[in-house]
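> The structure's right below; bear with me while I get my questions together.
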Amino acid sequence: MAGEPLLHAFGWLSQRAAEREAAGLRRRLQPRQAGETSLDLASNDYLGLARHPAVVAGACAAASAWGAGSTGSRLVTGSTTLHTELEAKLAEFGGWPTGLVFSSGYLANLATITALTGPDSLIISDADNHASIVDACRLSRARVVVTPHRDPAAVDSALASRAEPRAIVITDAVFSVDGELAPLVELHAIARRHGAGLVIDDAHGLGVIGAEGRGAVHAAGLAGEPDVAVTVTLSKSLGAQGGALLATTELVEHVIDAGRAFIFDTGLAPAAVGAALAALGVLTARPALPAAVRARARDLAAVATEVVGLPVTSPDAAVVSVLVGAPAAAVEAAAACLDAGVRVGCFRPPSVPDGTSRLRLTARADLSGEDIATARTALAAAAVAARRSGAGRAVDPTQVSAFR
């Protein structure tokens, strides 16, 4: 409490924890068990490739050949011929001249955005962009203008009034919480008209959007454009781990020279590289997988709309967002789903704005009709639990120190 002496330097942590607990915003690890039988509608394994025999075999072969770790940063000993092969194949699949692999998608955004900006730059960022983009903006030292969600007119206005010599527009391709597509073609036209670059995080589009899963950027006809850069992850549709930048050779070489999150990070472990390569091979050989996951997402949305009676965002990709409201109600709804044998995501502030806590369901290409029926039963239980807990007071995150 204010005015009371702290027992030690970190004595304030207990107060923050109590505030989060009272607001229904504590986060606790929930380790999965090997062989768990609950239906997974929470992970980002959109194509069901994380346990695919060829993907697991690719990981094992790479670990056997190269060892458990990459042994150093990419510019020292952390680059192998396997990394180079993955970069080339990712670039070819996405329609780009070259690629650069990172140990996570988070770091791909940090390195790319900070390398392309600085004190003489303007960044235009969508209000619902991923936390990795938000953090990159903060580290960039650039002036940052956050525009309303999916609002090209606001982007146009911000660029029109800029004084900085350089500018970039940054957006998720598929927004990770509500699953909506960004207006990429319109944003690119606006950015180009104002001489600005466009950086797109296609983490949730790769493997899901487009006829062959080549991503939202490729589907929008923007692959290979010299004023566009794309970041992707290897941990979602490809079922592995890591991230990548896809862009022109000149831009990638600049990030190698100037991207601190690339230069000073240990290279991606060989097993993850081998798994991603194998998964890309499976996706290339089975081009119907992306359409299958989008169809299953529509099935889940239809079930949620019919049974739950809660607002459901129509899915553009694999994410189905079920709005609940209060954090405690969302936690209870997610717990009810797990009790019914279905694991779902539970998003609360600060991941989402106050009053918009929700269940986040993710479809997989290999979901069966029986799985959809199981989801129906679980969501019905979730609706009951949410209504039972719905009387909880909504929390304003700007007024609770747990958010500061």
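> Do we find that residue 121 is out of contact with any Asp or Glu (no Cβ under 6 Å at 6 or more places or on another chain) and among the polar types (S, T, N, Q) in this structure? So that I can check it myself, show each step before the final result.
On the way: out of contact with any Asp or Glu (no Cβ under 6 Å at 6 or more places or on another chain): no; among the polar types (S, T, N, Q): yes.
No: the conditions fail for residue 121.
> What single numbered condition from (1) surrounded by fewer than 17 Cβ atoms within 10 Å (Cβ to Cβ); (2) modelled with pLDDT under 95 fails to hold for residue 177?
With (1) surrounded by fewer than 17 Cβ atoms within 10 Å (Cβ to Cβ); (2) modelled with pLDDT under 95 applied to residue 177, the lone miss is (1).
> Is it true that some residue in region 116-135 is touching a Ser or Thr at 6+ places or on another chain (Cβ under 8 Å), of a type in the set (Ser, Thr, Tyr), within 17 Å of residue 274 (Cβ to Cβ) and at pLDDT 95 or above?
No, every residue in region 116-135 fails to be touching a Ser or Thr at 6+ places or on another chain (Cβ under 8 Å), of a type in the set (Ser, Thr, Tyr), within 17 Å of residue 274 (Cβ to Cβ) and at pLDDT 95 or above.
> To continue, here is another question. Working carefully through the options 270, 290, 327, find the one that is in contact with a Gly (Cβ under 7 Å, 6 or more places away or on another chain) and under 30 Å from residue 114 (Cβ atoms).
On the way: 290 fails: under 30 Å from residue 114 (Cβ atoms); 327 fails: under 30 Å from residue 114 (Cβ atoms).
Matching residue, one of 270, 290, 327: 270.
> Got a sec? Which of 170, 190, 209 is of a type in the set (Val, Ile, Thr), closer than 13 Å to residue 317 by Cβ and surrounded by 17 or more Cβ atoms within 10 Å (Cβ to Cβ)? I'd like the intermediate steps shown before the answer.
Details: 170 fails: closer than 13 Å to residue 317 by Cβ; 190 fails: closer than 13 Å to residue 317 by Cβ.
Selected residue: 209, the only one of 170, 190, 209 that is of a type in the set (Val, Ile, Thr), closer than 13 Å to residue 317 by Cβ and surrounded by 17 or more Cβ atoms within 10 Å (Cβ to Cβ).
> Residue by residue through region 336-382, note down the ones that are assigned to a helix (DSSP H, G or I) and crowded, with 24+ Cβ neighbours inside 10 Å. It would help to see each step written out before you state the result.
Looking only at region 336-382, we keep the residues that are assigned to a helix (DSSP H, G or I), and these are 336-339, 369-382.
337, 375, 378, 379, 382, listed by residue number.
> Inside region 342-387, can you point out the residues that are small (Gly, Ala, Ser), in contact (Cβ under 8 Å) with a residue 60 or more places away in the chain and farther than 30 Å from residue 131 by Cα?
Selection gives 380 alone.
> For region 54-78, how many residues meet the condition of being out of contact with any strand residue (DSSP E or B) (no Cβ under 9 Å at 6 or more places or on another chain), more than 13 Å from residue 277 (Cα to Cα) and open to solvent by 40 Å² or more (accessible area, probe 1.4 Å)?
So the count comes out to 7.
The values are calculated or read from the model by the stated rules, or taken from the named source; none is laboratory data. None of the values given here were measured: they were computed from a predicted structure. Positions of Cβ are backbone-derived with ideal geometry, glycine not excepted, and every protein chain shown enters the neighbour counts. Ligands, DNA and RNA are excluded from the accessible area calculation, which covers all protein heavy atoms including side chains. Shrake-Rupley method; radii C 1.70, N 1.55, O 1.52, S 1.80 Å.
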